[in-house]
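*Asks:* Take a look at the following structure, please.
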Amino acid sequence: MGKSISDVGVEDLVGAGLSVEEAKGFQRHLKDSIFKVSRNSDNGEEPFDPKELWRELTAQKLLKPWHPHALHQLIYYSVYHNYDESTNGPPIYWFPSLYQSKNTNLGRLMETHCPKLLGALYKDPIASFRQFHRFSVEQPEVYWSIVLDHLSIKFLKAPDCILDTSDKSKHGGKWFPGSVLNIAECCLIPSSCPKKEDDSLAIIWRNEGCDDLDVSQMTLRELRELVMLVANVLAAKFSKGDAIAIDMPMTATAVIIYLAIVLAGLVVVSIADSFAAQEIATRLRVSKARAVFTQDFILRGGRKVPLYSRVVEAAPYEAIVIPASGKELAVQLRCQDLSWNDFLSSVCILPSSNYFTPAYQPIDSVTNILFSSGTTGEPKAIPWTQHSPIRCAADTWAHIDVQEGDVFCWPTNLGWVMGPILLYSCFLSGGTLALYHGSPLGRGFGKFIQDAGVTVLGTVPSLVKTWKSTGCMNGLNWTKIRTFATTGEASNIDDDLWLSSKAYYSPIVECCGGTELASSYIQGNPLQPQAFAAFSSASMSTSFVILNENGLPYPDDQACVGEVGLFPHYMGATNRLLNADHEEVYFKGMPSYKGMQLRRHGDIIKRTIGGFLIVQGRADDTMNLGGIKTSSVEIERVCNQAHDGILETAAVSTPPPNGGPELLAVFVVLKEGIRADPDLLTMKFSRAIQSNLNPLFKVSFVKIVPEFPRTASNKLLRRVLRDQLKQELNIRSKI
């Protein structure tokens, strides 16, 4: 399918959306680039290296953000038309320059310290990244002592050491033992590195429906004063260590409340605002929360979604209720509940005494209780200590390259791990937190990104798919974005092509981790070339192996597929759960390697030629087709490209009712207004899978559905689809 870039003519460019005159000019520049790269090529088999041609085209900015996506598709796929991934690894779309690399956080750190740490091995941040990453794994005490100096971390009592491994009962050792601090205070105070001043912008935001108004702003001084006001009230009403829930959208007020709870020595209980009453009740019960901050309604997508009523239904906990409109409450409160204004005035605080002395605690004190998404059974209650904010901020600083003065936006919620990660990553690195009070699905969010001057934008793949399919962001200027980031689910190559093109092919940093890790164990970074929907490295100071079916690690340089086993010396990872056996969940049954028991994470990943990493789904999403193990994600990547009308697919397998080899089924969601015949799709999917994955695989069943079942955090519930498939096959077997 398609054609080589050398064969792309004016008529192809016109077909991709250019006028005849535009197409002629574009083709002229295209041919010049091909000639330039071919002239410099030393490849005897091809006239040019496709990676070098793509590098040249993006460096020259031949493709513009306002060009039709069809043109971007035509050029990208034509450049890589004859590219062999099996011998070359995934196609590269972003290449760091030496100048760029030396102006990243990690690059500056390497330029300063690596000549001494690595000696003659050090050349520059790009050439020496792998050596420095290996150093961070082998010498984590040195790495973390350096990184702490680049974050806004202030210890009341400095740690006795960086890592204490003397207690063999602790799989990962003790990090920063003996240290005392308040991590919320670190977010609120001026610092010299990163540079934060009282007049620095801390938060900027806009309410949905106010798209033509100026963006609202709050300085660091204003944020600190408001946090201290709330902390004073909290300290008067509750005791140190009490758990206080937040069940509301991630607004500026929610951020103030979060920091105030931590500043006062209390514990945040994170609850997503999308949960039903029963799910809210479970989290309040497990965490033993004393009270909950919430809103009367959620204003999103032009609708008023009840929230306070769900909290009332959940349990008789005291609720402090914030008006979504910012004015008067739109609900009648119970007698034990307080409005936001009544809460703030419930304790007499003189203006001169608004200062609050932070509650300083040992670093392993719990500050936040988060929950797994709860796809099966009761969600795991995961306690974050003060290690966790340091870990997530350090990884964001190093991998996503959030620098002082950056404007960082990531549509999320404090009920999910990305909420606290975003908050701490901004305030501990000197960035500005950008919040949109409304739905991120429409143009209003995109205009906020433009007007706020966002330089770092985080996403989830389903959001990008919606933006691309609806065209709602057409005409907006996102060229200030230096870095994209994405997490939560497997990315789609074509959707990422669309996203990156909106900022002249800025890199998309893929992130994959978990709440219990406080961050990502594999990520992209600004010092390595990047491929769409792939990870270029383990995160800094992180090491893992990929296990074969016998639980034995593959060699580190071998292309393979298997389950991840994390080395336990992972700063910031949990060492207990509140409602489950931590040892059983993360370590029981895992093999030992190099004298350490590996930590379970549950991901199946593929390591490609060239060392890129591609998540293949969870260990329980693997399938056995004809004796060959494969993953749902791998099947879905191929099927998504098999028909133009497909929005997304979900692949599952199950044995037939009377036994036998597993049958492969593909559930399909079509784009709006598209119709398709399931039998035709079955044929197309089978052909695509046999051509691109394995000639022995065959699709037995296709079902078109309006949408997929998902958790509240948007994770696809293949388990539910698998159950539906079993029921369907049972019914068919009886007919």
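*Asks:* Straight-line reach from residue 24: which aspartates and glutamates have Cα under 20 Å away, leaving out those fewer than 8 places along the same chain?
*Replies:* Those aspartates and glutamates meeting the cut-off are 7, 11, 12, 32, 56.
*Asks:* Here's a follow-up. Note down the net charge around residue 363, summing +1 for each Lys or Arg and -1 for each Asp or Glu among other residues with Cβ under 10 Å from its Cβ.
*Replies:* Details: positive: 157, 174; negative: 364.
Value of the local net charge: +1.
*Asks:* How do the peptides 264-272, 47-55 rank, highest first, by the average count of neighbouring beta carbon atoms within 10 Å per residue? Spell out each step's value before the answer.
*Replies:* Working: 264-272: 25.9, 47-55: 20.0.
Those peptides, ordered most packed to least, come out 264-272, 47-55.
*Asks:* As an exercise, find the ratio Rg/Rh for region 626-734 from alpha-carbon atoms, using the Kirkwood inverse-distance average for Rh.
*Replies:* Details: Rg = 13.5 Å, Rh = 14.3 Å.
My calculation of the ratio gives 0.94.
*Asks:* Roughly what would the spin-label model give for residue 219 and residue 66, points 7 Å off Cα along C-beta, in nm?
*Replies:* Result for the modelled spin labels: 3.7 nm.
*Asks:* Same structure again: From the phi of every residue in region 596-601, what ³J(HN,Hα) in whole Hz does the Karplus formula 6.51 cos²θ - 1.76 cosθ + 1.60 yield, where θ is phi - 60° and glycine or proline is x?
*Replies:* Per residue, the Karplus-derived 3J(HN,Hα) values read 10, 6, 6, 9, 6, 10 Hz.
*Asks:* Using r as the Cβ-Cβ distance of residue 470 and residue 166, and R0 as 60 Å, what FRET efficiency do you calculate, to the nearest 0.05?
*Replies:* On the way: r = 57 Å, r/R0 = 0.95.
So, using R0 = 60 Å, E works out to roughly 0.60.
*Asks:* Could I ask something else about it? Please compute the length gained on full extension between residue 332 and residue 11, using 0.36 nm multiplied by the number of residues separating them and subtracting their Cα-Cα distance. Could the numbers behind the result be given before it?
*Replies:* Details: separation 321, 0.36 × 321 = 115.56 nm, distance 6.48 nm.
Stretched fully, the residue 332-residue 11 segment lengthens by 109.1 nm.
*Asks:* Shifting gears a bit: Just to confirm my numbers, what's the Cα centroid distance between region 175-210 and region 398-446 in Å?
*Replies:* If you average the Cα positions of each part, the centres end up 13 Å apart.
*Asks:* Could you list the residues of region 484-522 with an amide nitrogen less than 20 Å from a label point located 7 Å from the Cα of residue 81 in the Cα-to-C-beta direction?
*Replies:* 494
*Asks:* Going highest first, how would you order 648-656, 469-477 by mean Cβ packing within 10 Å? Write out the running numbers ahead of the final one.
*Replies:* Values: 648-656: 21.1, 469-477: 14.8.
By packing density, highest mean first, the sequence is 648-656, 469-477.
*Asks:* Continuing with the same structure: Going down the list 3/61; 502/606; 3/703; 502/671; 102/174; 168/715, which pairs span over 26 Å between their C-alpha atoms? Present the calculation step by step, with values, prior to reporting the outcome.
*Replies:* On the way: 3/61 22 Å; 502/606 29 Å; 3/703 32 Å; 502/671 22 Å; 102/174 33 Å; 168/715 36 Å.
Those over the limit are 502/606; 3/703; 102/174; 168/715.
*Asks:* Could you state, as a whole-number percent, how many of the C-alpha pairs of region 5-83 are farther apart than 17 Å?
*Replies:* Working: 1244 of 3081 pairs.
In whole percent, the share of Cα-Cα pairs in region 5-83 beyond 17 Å is 40.
*Asks:* Fully extended, how many nm does the chain gain between residue 344 and residue 315 (0.36 nm per residue separation, minus their Cα-Cα distance)? Kindly include the intermediate steps, with their values, before the conclusion.
*Replies:* Values: separation 29, 0.36 × 29 = 10.44 nm, distance 2.32 nm.
So the chain would gain 8.1 nm between residue 344 and residue 315.
*Asks:* Could I ask something else about it? Over the Cα atoms of region 509-603, compute the convex hull volume and normalise it per residue, giving Å³. Display every interim value, and only then the final one.
*Replies:* Numbers: hull volume 10.9 nm³, N = 95.
Dividing the Cα hull volume of region 509-603 by its residue count gives 114 Å³.
*Asks:* What does the helix-only formula give at 222 nm for the chain: each DSSP H stretch with n ≥ 4 adding -39500 (n - 2.57), the total divided by the residues, and the result rounded to the nearest 500 deg cm²/dmol?
*Replies:* On the way: 24 runs with 240 residues, N = 735.
Result for the chain: -9500 deg cm²/dmol, rounded to the nearest 500.
*Asks:* Between residue 211 and residue 592, how high is the FRET efficiency from 1/(1 + (r/R0)^6) when r is the Cβ-Cβ distance and R₀ = 45 Å? Nearest 0.05.
*Replies:* Details: r = 56 Å, r/R0 = 1.25.
Computed FRET efficiency for residue 211 and residue 592: 0.20.
*Asks:* So which aspartates and glutamates pass the test for residue 116, namely a Cα distance under 15 Å, with those fewer than 8 places away in the same chain ruled out?
*Replies:* Straight-line reach from residue 116, under 15 Å: 124.
*Asks:* Another question, if that's okay. Pop a pseudo-label 7 angstrom from the Cα along the beta-carbon direction at both residue 288 and residue 141 and give the gap in nm to one decimal.
*Replies:* Rounded to a tenth, the inter-label distance reads 3.6 nm.
*Asks:* Relative to a virtual label point 7 Å from the Cα of residue 479 in the Cα→beta-carbon direction, which members of region 500-521 show backbone nitrogen distances below 11 Å?
*Replies:* From region 500-521, the list is 503-504.
*Asks:* Go ahead and collect, in residue order, the members of region 73-109 whose backbone nitrogen is under 16 Å from a label point 7 Å along the Cα-Cβ direction of residue 149.
*Replies:* Within reach of a label on residue 149, which here means backbone N under 16 Å from a point 7 Å along Cα→Cβ, region 73-109 contributes 105-109.
*Asks:* Per residue of region 89-105, what does 6.51 cos²θ - 1.76 cosθ + 1.60 with θ = phi - 60° give for ³J(HN,Hα)? Whole Hz please, x for Gly and Pro, Karplus curve as stated.
*Replies:* For region 89-105, the Karplus curve yields x, x, x, 8, 10, 9, 10, x, 8, 4, 4, 4, 4, 6, 10, 8, 4 Hz.
*Asks:* So, one more: Using a cut-off of 19 Å between alpha-carbon atoms, which aspartates and glutamates can reach residue 195, once sequence neighbours fewer than 8 places away in the same chain are excluded?
*Replies:* Counting by Cα, and skipping residues close in sequence, residue 195 has these aspartates and glutamates nearby: 149, 185, 222, 395, 401, 404, 406.
*Asks:* Another question about this same structure. For a quick check: sort 583, 21 by the number of other beta carbons within 10 angstrom, fewest at the front.
*Replies:* Working: 583 13, 21 9.
Ranked by crowding around the Cβ, least crowded first: 21, 583.
*Asks:* Return the FRET efficiency for the residue pair residue 360, residue 711: r is the Cβ-Cβ distance, R0 is 45 Å, and the value is rounded to the nearest 0.05. Each step should come with its number before you reach the end.
*Replies:* Working: r = 37 Å, r/R0 = 0.82.
In this case the efficiency is close to 0.75.
*Asks:* Going from the alpha-carbon gyration tensor of region 561-626, what semi-axes, largest first and in whole Å, does one get by taking the root of 5 times each eigenvalue? Mind showing how you got there, number by number?
*Replies:* On the way: eigenvalues 113, 50, 27 Å².
For region 561-626, the semi-axes come out at 24, 16, 12 Å.
*Asks:* Also, I was wondering about something else. Could you rank the peptides 412-424, 178-190, 527-539, 586-598 by their average count of other C-beta atoms within 10 Å per residue, with the highest value first?
*Replies:* Details: 412-424: 26.2, 178-190: 21.0, 527-539: 23.4, 586-598: 14.4.
The most tightly packed comes first, giving 412-424, 527-539, 178-190, 586-598.
Rule-based calculations on the coordinates, nothing more; no lab input. If you're wondering where the values come from, they're calculated on a predicted model, not measured in any experiment. Note that each Cβ is placed from the backbone with ideal geometry, even for glycine, and that neighbours are counted across all protein chains shown.
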